[in-house]
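Structure record follows, encoded as structure tokens.
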Amino acid sequence: MGLNINKLESGLLYWMENQSPITLESITLFADAYEDYAKDAVATSGGSLETYNKQAVIDGLASISPGGSAGSGALLFANALAAFWVGATLPPSVVDESIDPNILISALSAVFSNISETSANWYAEELAKAIDIGTRSVTTVNPTTTPPTEGVLI
């Protein structure tokens, strides 16, 4: 299948339209949207996503506060999404390098700091773009080939 940014955008829009103030339920809705998108990941080194750490996203966002800065929110989201991929498998491939949080922090900070935009559609689209770029930075390796085949997520 492969990663589908439109699927992510739809999931993020649903999250935004159905979240209450920051609660475990709203954090779980975000994690669900990301999981639904990420489950379609395919490694160019071979394999589809089988194991991952959704709970790491929920745990990573548990300390978010509504009054935080754009930068602190971006840091929390970037680290939570990176943790999703730590130890992930796409048999016969495994994740070699998770998301580089720095890639996401910059992109997410720009979205989170745009307080003039009030459209949930705009935020969902921009968040999806940033998250998709970060997710596609994940590298994989297939250790069953000689030499091991390196890849990325598509």
Output yes when any residue across region 92-99 is of a type in the set (S, T, Y) and in contact (Cβ under 8 Å) with a residue 40 or more places away in the chain, and no when none is.
-> yes
So which residues in region 95-122 are of a type in the set (A, V, I, L, M, F, W, C) and touching a Leu at 6+ places or on another chain (Cβ under 8 Å)?
-> I99, L104, I105, L108, V111, A120
Checked against (1) touching a helix residue (DSSP H, G or I) at 6+ places or on another chain (Cβ under 6 Å); (2) at pLDDT below 95; (3) closer than 20 Å to K7 by Cβ, S119 satisfies every condition except (1)
For V86, state whether it is buried (at least 21 other Cβ atoms within 10 Å of the Cβ) and either at pLDDT 95 or above or out of contact with any Leu (no Cβ under 9 Å at 6 or more places or on another chain) (or both).
-> no
Provide a single number: the residues in region 4-28 that are over 17 Å from E125 (Cα atoms) and either touching a His at 6+ places or on another chain (Cβ under 9 Å) or assigned to a helix (DSSP H, G or I) (or both).
-> 5
Condition broken by L61, with the remaining ones in (1) buried (at least 19 other Cβ atoms within 10 Å of the Cβ); (2) farther than 21 Å from K129 by Cα satisfied = (2)
If V57 passes every condition in (1) among the β-branched types (V, I, T); (2) in contact (Cβ under 8 Å) with a residue 60 or more places away in the chain; (3) touching a Phe, Trp or Tyr at 6+ places or on another chain (Cβ under 6 Å) but one, which one does it miss?
-> (2)
So, first residue in contact (Cβ under 8 Å) with a residue 12 or more places away in the chain and within 18 Å of L24 (Cα to Cα) in region 62-87, second residue in a helix (DSSP H, G or I) and among the charged types (D, E, K, R), Cβ within less than 7 Å, six or more apart or across chains; the pairs are F84/K54
Which of the following residues is within 14 Å of G134 (Cβ to Cβ), at pLDDT 95 or above and of a type in the set (A, V, I, L, M): A110, A31, A41?
-> A41
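The values are calculated or read from the model by the stated rules, or taken from the named source; none is laboratory data. All values reported here derive from a predicted model rather than from experimental measurement. Glycine gets a Cβ as well: all are built from the backbone with ideal geometry, and neighbour counts include every protein chain shown.
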